[in-house]
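Take a look at the structure below.
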Amino acid sequence: MKVGDRHYRTIWLNEDGRSVDVIDQRWLPHEFRVVTLKTLDDVAVAIRDMWIRGAPLIGVTAAYGVAIAMLSDASDEALDAVWEVLHETRPTAINLRWALDEMRTFLRKVPVSDRAAAAYKKAGEIAEEDIQLNRSIGANGLKVIREIAARKKPGEPVNILTHCNAGWLATVDYGTATAPIYMAVEDGIKVHVYVDETRPRNQGAQLTAWEMNGHGVPHTLIVDNAGGHLMQHGDVDMVIVGTDRTTANGDVCNKIGTYLKALAAKDNNVPFYVALPSPTIDWTVHDGVREIPIEERNSDEVTFVQGRNGDGSISTVRVSPEGSPAANPAFDVTPARLITGLITERGIAKASPEGLKDMFPERS
Ligand code: MRU
């Protein structure tokens, strides 16, 4: 997608052919910075400390991390050790494990001497695949937006609420939840997006709003607690969110607060869609609430906020009294029964074991 006049992906191979460049998302929307990841440690820190974030991008970055590590030691033992180091960086997004498994399974079949080159090629393929999956999700989600647009009065926009950032910054390009929105705009459909700020890290306010601005998508930033009120007043036509892990029975784990939006949507008959590429499905898990590990992040993310001062500098300020403890579960699980549909690259699946099996029969 575009930043100014230039097309960017969130991750690309550095011109040295070994390192990878990523958009350092910690400074958006105030500063656009690119950082070069040269070592396995750089990659692990970038994922753990959320220089990059979003389930699909975490997976792709980890794949490149494996490739970087293979340059110094491509043995089976090293491959296993790298898998462990990267796997423990963030526990909830399943795309991380998926990408690491893809890399390890593939590389084990490659002679050790050829592994580094093969790993870069495979990581590049995983990145390209992510883009194709998102384009297909966009085309499938666009059908829903079109249907809603057809029921609106002339000139009225389709009002879409989204939570967190499941945009192009969370993937290699296009995004998952945003792909249908970008395609609707390209298609000339009038849309308007309510962007949840998404405390504590404000991925909505800082990242989704920045994306919407950059691509001329009409939008309004709202506090996390406003969605229910807007739905009660008929101001939201549909919700589209992303996911960090979707279970085989259709439960959706996503950024903390998603569940409350789904409850409000159900109570107000607002369709609630989840956009997901199939690598986000964890076929081994059948009960999201009990089985998905929820990342507990540093409480500083709750007690401090980051913003830009009047002089342009960026600083972090405390918002709560010293000494008040804070808890920071980063994700929650929305049960399948609250979900209208799962927008996948193959089509829109019912959020149920049967719905997912029908869409992905090879998994039965
Ligand atoms: O903690 P984050 O910023 O990595 O969480 C991101 C989300 O929850 C996204 O909604 C999810 O990864 C889907 S991204 C296409």
Point to revise | Within straight-line cross-link reach of LYS109, lysines at Cα separation under 27 Å, skipping those fewer than 8 residues along the same chain | key: LYS38, LYS121, LYS122
Review point. Which value, in debye to the nearest 20, gives the size of the charge dipole of the chain about its Cα centre, when Lys and Arg are +1 and Asp and Glu are -1 at the Cβ?
Key: 860
Exercise for review: Compute the length gained on full extension between ARG108 and VAL305: take 0.36 nm times their separation in residues and subtract their Cα-Cα distance, giving the result in nm to one decimal.
Suggested key: 66.5 nm
Exercise for review: Sticking with the crude label model, points 7 Å out along Cα→Cβ, report the distance from GLU296 to LYS121 in nm, one decimal please.
Suggested key: 4.5
**Study point:** Estimated 222 nm signal from helices in the chain, with DSSP H stretches of n ≥ 4 weighted -39500 (n - 2.57), rounded to 500
**Key:** -11500 deg cm²/dmol
Revision key, fill the gap. Exposed GluC sites (Glu not before Pro) being those in a DSSP loop with at most 10 other Cβ atoms within 10 Å, the longest stretch of the chain free of them is 16-321
Review point. For the range 139-363, what number of Lys pairs, 8 or more residues apart or on separate chains, have alpha-carbon atoms under 29 Å from each other?
Key: 27
Study note, to complete from the structure: Under the 7 Å Cα-to-Cβ spin-label approximation, HIS286 and GLU156 lie apart by a distance in nanometres of 4.4
Check your understanding: Using a basic spin-label model with each label point 7 Å from the Cα along Cα→Cβ, how many nm lie between GLU322 and LEU221?
Key -> 2.9
Point to revise | Alpha-carbon spread of the range 2-128, three principal axes, descending order, Å | key: 44, 31, 22
Revision key, fill the gap. Of all trypsin sites (Lys or Arg not before Pro) in the range 99-163, the ones in DSSP coil with at most 10 other Cβ atoms within 10 Å are LYS109
Check your understanding: Put +1 on the Cβ of each Lys and Arg and -1 on the Cβ of each Asp and Glu in the range 125-167; which of ILE145, GLY167, ALA127 then has its Cα farthest toward the positive end of the dipole?
Key -> ILE145
Practice item. Take the alpha carbon atoms of the range 50-104, find their center, do the same for the range 301-364, and report the distance between the two centers in whole angstrom. Key: 21
Study note, to complete from the structure: Any residue on another chain or 5+ positions along whose placed amide H is under 5 Å from the amide H of PHE304 is listed here as VAL319
Check your understanding: Assuming a viscosity of 1.002 mPa s and a temperature of 20 °C, what translational diffusion coefficient in µm² per second does Stokes-Einstein assign to the range 139-363, Rh being the Kirkwood radius over Cα pairs?
Key -> 119
Practice item. Indicate the helices, whole DSSP H runs only, in the chain that combine a mean Kyte-Doolittle hydropathy of -0.5 or more with a Cα extent along their long axis of 18 angstrom or more. Key: 55-72, 94-108, 115-151
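Every number in this text was worked out from the coordinates using simple rules, so none of it is lab data. Quantities reported herein were computed from a predicted structural model and do not represent experimental measurements. Glycine gets a Cβ as well: all are built from the backbone with ideal geometry, and neighbour counts include every protein chain shown.
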